[in-house]
Amino acid sequence: MISSDIIPGLWSKIKHGRILNIEKAISFFTDILIVHDDQLNANRTIFGKISFRTANIGDPVDLCPDVRVDRSNIWKIARVGKMADFPEADNFLVYINEKTQVDPLEPIQTKWCNQLISQISIEDALTGETLTIENNSNIIDIVMSEHTN
């Protein structure tokens, strides 16, 4: 579920329009940030450790004006955008797990978010450099690794 990409055109055919992304599926121990690079005019995938401003594991994060969640409960944040055939949709879909045990038959909690307000940084696993995302509107997808649960 969290290692999938959301394809809005498939929303009504597949739950949340998700298709498996192998790159995300095999990354168990690093967070993944996919961001649009304006200079390259392409998406960039960064593996590492994601930080939210002033939030350690277990601390609450103000992700959006109306979404506050403990950092350890964030599984995925995906850019979806507005959809004409699904008016409830908003810019970002946040997947949240607030349980210590996951029941595969129980739906994962989701919340819609118009804009991300928390500053997001990632320490690149390959270079060790920290990249702070200045423009949260460039974020395409965030996948939190299992070490945060």
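The values are calculated or read from the model by the stated rules, or taken from the named source; none is laboratory data. Just so we're clear, the structure is a prediction, and the values are computed from it rather than from any experiment. Virtual Cβ from ideal backbone geometry, glycine too; neighbours counted across all protein chains shown.
Looking across the stretch 124-133, the residues that are surrounded by 12 or more Cβ atoms within 10 Å (Cβ to Cβ) and over 16 Å from the mean Cα position of the chain (by Cα) come down to 124, 125, 130, 131. Which residues, counting only those in the stretch 1-44, are at pLDDT 75 or above, closer than 20 Å to residue 73 by Cα, among the hydrophobic types (A, V, I, L, M, F, W, C) and surrounded by 11 or more Cβ atoms within 10 Å (Cβ to Cβ)? Within the stretch 1-44, 32, 33, 34 qualify.
For residue 62, the conditions (1) surrounded by 13 or more Cβ atoms within 10 Å (Cβ to Cβ); (2) within 22 Å of residue 3 (Cα to Cα); (3) out of contact with any helix residue (DSSP H, G or I) (no Cβ under 9 Å at 6 or more places or on another chain); (4) at pLDDT 80 or above all hold with the exception of (2). Against the condition modelled with pLDDT of 75 or more, surrounded by 10 or more Cβ atoms within 10 Å (Cβ to Cβ) and either of a type in the set (Lys, Arg) or not in a strand (DSSP E or B) (or both), how does residue 47 come out, does it pass? For residue 47, the condition - modelled with pLDDT of 75 or more, surrounded by 10 or more Cβ atoms within 10 Å (Cβ to Cβ) and either of a type in the set (Lys, Arg) or not in a strand (DSSP E or B) (or both) - is not met.
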